[in-house]
Structures are given as structure tokens and as C-alpha cells.
Amino acid sequence: ITHASLGAWGEVFMGHRVLYLFAGCVALSTIASRYVDVNVFSLQEMYENRLVRAFLGASQEDKCCSDPVTHINPKDDLLLKDIGLDDDDNAHGPIHLINTAINLTGSDQREYDERQADSFVLSPLYCGSPITGYRKTSDGYAGDLTLGRAFSTSGAAVSPNMGYYSTAAVTALLTFCNLRLGGWFPNPMSSGFEKPSPTFGWFQIIQEVLGRTDNRNSFIYLSDGGHFDNLGAYELVRRRCKTIYICDAGADPDGSCHELANLI
């Protein structure tokens, strides 16, 4: 095909074909982000399913509903708001505090320049952090938030945004390769705190690849609690617990107690 055979409009098209191709890709990705959940289109969903099957499914006696291929049973998981609480939110045992890290790689607050994250807790009673405020779990925070989603997010070690481990090159590489654990949760201070995922995930993907996650938008990015405090003691110190027992299960072959030093 020659420019002469295409005519004037053809020449305009051929001259701007890269621009049109780019615009078409943007339009297609925007439409796709409306129908493809940004939290599902990652490794996190598989990671969560495997952890739930391994650790919660082990005590599941009812095998009738298990998928014959994946062996996933929807009865394996539990609602976080039902763990250890009665109908009046009274605890009958220890309260589970599941620690995650809210990534603040794009925050303009100087105190997060080095840490690039803060502690964010998921519990049967409340979910949140001082920087975002808190929401009652039973009020529908993040939809029907399950124990499996909470502890798999807490263990999401490989993520484009990893608190103080974050670097621009690794962030872009992991996002483009879709090596993404962790997830986008509603900001407790937003009016749509009951939504489990963003309606359009396109904006969140851009935040991930540029390393611009913060606490100012309606959705925040949570990853492994170890991206802030790997001992899980920070929330206990925050609550002024008089006695705290810590089991350090991290990799520390030299016995340097570097996680304890980081906590201090």
C-alpha cells in the first residue's frame, strides 16, 4: 500500500499511526480495567487460594464442595469479623491482629521518605491505621473481608511496592511482569470503604508502576507486614501492652537479631 493509494486521509493516518495505536491501547486497557478486577488479575488470588487450602482447609471436614481440579472449597475460608467474637462483638479469647504494610512510596510526608510504609492492621474488630483512620470490620470494610484474604495479604512478600525495600527499577519490572502480590484495599477514610476492589483498576496500575502509592486516594496498597515490621510487634507496642512475647521466625542464620534492631 502506497501513500498515493491511501489518499490524504491515509497519509494522515500513516503519519500518526503510532499515536493512534497508543490511543487505542489506552482505550482498550481502560475498558478492560472496568471488567477485570485489578486484585484478581495478579498472583495474589492464586496465592490466597493455596494458603487457604493448605492452612484452613486442613480442618475442613466437609469435602463435598471441593472443586475436583483445584480442590478449592468455598467453605474453607472464614469471615474475619466472626473470628473469636460473639454477636455483641465481645471477645472470647485472643484478638487476632493481622499486620500488613500500607505502602507510602508516593507520600509527600517527610517522615515516610525512608520507611515508605506504615503499619496497617486487619482485625475482627477494626481495620486501619492512624494515617488512614479505622473502620469497624462488621460495618462491611472491604466487603466480606475473609481471614484468607487478610493473612495472604499479610504474607505478600513479593510486590512492586514493598515499603523500605522499594526501588524504582524493581517496582516497574515487577509490575510489567505482573509479579504482584498484595492488594488494593479501600481507604478507611473514604466513603466507599465497603468496596472490595477499585471499579477501574487502570489508575491503580499506574500508581504501582510509578511507585506513587499513598494514603490520599480512595484505595490504598497493602502488602507484607514485614515491609514495615517483620516481628508483628509494632501494633502491640502501639497499644501499650505491658508484656509482649515475640517469636522470630524470620531468616537470621547468624543470630544478629536484625528484625529486633529494625523494630527498635
**OP:** Scan (1) in contact with a His (Cβ under 9 Å, 6 or more places away or on another chain); (2) over 21 Å from T171 (Cβ atoms); (3) surrounded by 22 or more Cβ atoms within 10 Å (Cβ to Cβ) for the single condition R149 breaks and write down its number.
**Re:** (1)
**OP:** Among residues belonging to the stretch 188-216 that are under 15 Å from N39 (Cβ atoms) and among the polar types (S, T, N, Q), point out the one that is modelled with the lowest pLDDT.
**Re:** T199
Original post:
Within the stretch 73-87, can one find any residue that is touching a Phe, Trp or Tyr at 6+ places or on another chain (Cβ under 7 Å) and open to solvent by less than 50 Å² (accessible area, probe 1.4 Å)?
Top reply: no
**OP:** Using the structure shown, decide if S33 is modelled with pLDDT under 80 and crowded, with 16+ Cβ neighbours inside 10 Å.
**Re:** yes
**OP:** List the number of the failed condition for T213; all other conditions in (1) out of contact with any helix residue (DSSP H, G or I) (no Cβ under 6 Å at 6 or more places or on another chain); (2) open to solvent by less than 30 Å² (accessible area, probe 1.4 Å); (3) part of a loop (DSSP other than H, G, I, E, B) hold.
**Re:** (1)
Original post:
Is there any pair linking a residue in the stretch 68-88 that is closer than 18 Å to T153 by Cβ to one that is at pLDDT below 80 and open to solvent by less than 100 Å² (accessible area, probe 1.4 Å), with Cβ under 6 Å and at least six apart or on different chains, and which?
Top reply: D76/Q60
**OP:** Can you run down the residue pairs with Cβ atoms below 8 Å, 6 or more apart or on separate chains, where the first is in the stretch 237-264 and in contact (Cβ under 8 Å) with a residue 60 or more places away in the chain and the partner is open to solvent by less than 80 Å² (accessible area, probe 1.4 Å)?
**Re:** R238/S119
Original post:
Is it true that some residue in the stretch 236-244 is buried (at least 22 other Cβ atoms within 10 Å of the Cβ) and in contact with a helix residue (DSSP H, G or I) (Cβ under 6 Å, 6 or more places away or on another chain)?
Top reply: no
**OP:** Scan the stretch 96-111 and give yes if some residue there is more than 15 Å from the chain's Cα centre (by Cα), surrounded by fewer than 24 Cβ atoms within 10 Å (Cβ to Cβ), modelled with pLDDT of 90 or more and outside any helix (DSSP H, G or I), otherwise no.
**Re:** yes
Original post:
With (1) among the charged types (D, E, K, R); (2) open to solvent by less than 70 Å² (accessible area, probe 1.4 Å); (3) more than 20 Å from S218 (Cα to Cα) as the list, and D118 as the residue in question, which single condition is left unmet?
Top reply: (3)
Original post:
So which of S197, S223, S190 is open to solvent by less than 70 Å² (accessible area, probe 1.4 Å), at negative phi and part of a strand (DSSP E or B)?
Top reply: S223
Original post:
So is E208 crowded, with 20+ Cβ neighbours inside 10 Å, assigned to a helix (DSSP H, G or I), of a type in the set (D, E) and in contact (Cβ under 8 Å) with a residue 40 or more places away in the chain or not?
Top reply: yes
**OP:** Could you check, for the stretch 134-142, whether at least one of its residues is farther than 23 Å from G93 by Cα and open to solvent by less than 20 Å² (accessible area, probe 1.4 Å)?
**Re:** yes
Original post:
With respect to I72, is the statement that it is closer than 22 Å to G182 by Cα, modelled with pLDDT of 90 or more and of a type in the set (A, V, I, L, M) true?
Top reply: no
Original post:
Across the stretch 152-163, what is the number of residues that are closer than 17 Å to G211 by Cβ, out of contact with any His (no Cβ under 7 Å at 6 or more places or on another chain) and either buried (at least 24 other Cβ atoms within 10 Å of the Cβ) or of a type in the set (S, T, Y) (or both)?
Top reply: 4
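The values are calculated or read from the model by the stated rules, or taken from the named source; none is laboratory data. Computed from a predicted model, the values in this text were never measured in an experiment. Note that we place each Cβ from the backbone using ideal geometry, even for glycine, and neighbour counts take in every protein chain shown. Areas reflect the complete protein model, heavy atoms only, side chains present, ligands, DNA and RNA absent. Shrake-Rupley method; radii C 1.70, N 1.55, O 1.52, S 1.80 Å.
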